[in-house]
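Contents: one structure, followed by commentary.
The values are calculated or read from the model by the stated rules, or taken from the named source; none is laboratory data. What you are looking at is a predicted structure, and each value in this text was computed from that prediction instead of being measured. Every residue, glycine as well, gets a Cβ built from its backbone with ideal geometry; the counts of neighbours run over all protein chains shown.
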């Protein structure tokens, strides 16, 4: 019989807040494409597949990161003994199988995005995380692609394009900030993350520069006539929040990445508002 501590540990492996957020981003992509309610079954399948795949990716990441986490995050389920490494791996496999089952019912392009994302989730820690910038870029793509996936699931992938790019750039910045936080454990494991390879300050400068590009590009949907003034009213605070976050990251990386995550969701809300107003 599985103990309560193990069940709690398995739930923690999935990072419920992050996985639910990923599902919300996929729904946003479908909504911006105009199909969230027009194609409810496809939207539900896409959201469910995103949730399961993200949860599986979190679990397998903890499996591969178990030695690093003994230094950086000893309270996580595997280091503290709530879940065994083998148990985490098996749990991840079950979640991936569920994600594949749901994604199989979607259009070909959405299925292709799902296949690439599943491969990225499985290989991230083992092959990309320790390469300067590569792991950050992969995670940035995965976050941005949730919008594309949701839009593709309802038949209009281009509708999520701008939002995907903006989310990817802001996520790259946040991932670099997180690497600055984890320098001690990553160096102990011999990983060459961007802050270790080029220095913490240079890595933060590069990440902040990309964020500025994202902020500068955020008015594009308004300039193209896709969304009206309502979009600008909401996206402006999101831009300000993310710029403040980049500045704060130089002194307090933990607070900086929290603000960046919040800014990403406010920006996503701007697209929702823009879509509602345009309708």
From the list 21, 42, 38, exactly one residue is more than 15 Å from residue 148 (Cβ to Cβ), surrounded by fewer than 22 Cβ atoms within 10 Å (Cβ to Cβ), more than 15 Å from the chain's Cα centre (by Cα) and in contact (Cβ under 8 Å) with a residue 40 or more places away in the chain. Which is it?
38
Name the residue, out of 95, 102, 111, that is without any contact (Cβ under 8 Å) to a residue 40 or more places away in the chain, under 22 Å from residue 44 (Cβ atoms) and either crowded, with 16+ Cβ neighbours inside 10 Å or within 17 Å of the chain's Cα centre (by Cα) (or both).
111
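Considering 202, 187, which residue is assigned to a helix (DSSP H, G or I), at pLDDT 90 or above and closer than 26 Å to residue 127 by Cα? First the steps, then the outcome.
On the way: 187 fails: at pLDDT 90 or above.
That would be 202, the only listed residue that is assigned to a helix (DSSP H, G or I), at pLDDT 90 or above and closer than 26 Å to residue 127 by Cα.
Name every residue in the range 81-91 that is in a helix (DSSP H, G or I) and either in contact (Cβ under 8 Å) with a residue 40 or more places away in the chain or at positive phi (or both), in order of residue number.
First, pick out the residues of the range 81-91 that are in a helix (DSSP H, G or I): 85-91.
Passing the criteria: 87, 88, 91.
Identify all residues within the range 137-160 that are outside any helix (DSSP H, G or I) and on the phi < 0 side of the Ramachandran plot; write none if there are none. Break it down stepwise before answering.
First, the residues of the range 137-160 that are outside any helix (DSSP H, G or I): 154-156.
Selection gives 154, 156.
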Condition test on residue 163, is it in a helix (DSSP H, G or I), in contact with a helix residue (DSSP H, G or I) (Cβ under 9 Å, 6 or more places away or on another chain) and crowded, with 22+ Cβ neighbours inside 10 Å?
yes
Among the residues of the range 226-269, what is the count of those that are surrounded by 23 or more Cβ atoms within 10 Å (Cβ to Cβ), modelled with pLDDT of 90 or more and over 30 Å from residue 183 (Cβ atoms)?
2
Condition first: touching a helix residue (DSSP H, G or I) at 6+ places or on another chain (Cβ under 7 Å) and farther than 20 Å from residue 136 by Cβ. Now tell me which residues in the range 230-267 satisfy that.
230, 231, 232, 234, 235, 237, 238, 239, 241, 244, 266
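Quick one: is residue 25 closer than 20 Å to residue 272 by Cβ and touching a helix residue (DSSP H, G or I) at 6+ places or on another chain (Cβ under 7 Å)?
Details: closer than 20 Å to residue 272 by Cβ: yes; touching a helix residue (DSSP H, G or I) at 6+ places or on another chain (Cβ under 7 Å): yes.
Spelling it out, residue 25 is indeed closer than 20 Å to residue 272 by Cβ and touching a helix residue (DSSP H, G or I) at 6+ places or on another chain (Cβ under 7 Å).
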If residue 179 meets every condition in (1) over 21 Å from residue 71 (Cα atoms); (2) assigned to a helix (DSSP H, G or I); (3) touching a helix residue (DSSP H, G or I) at 6+ places or on another chain (Cβ under 6 Å) apart from one, which number is that one?
(1)
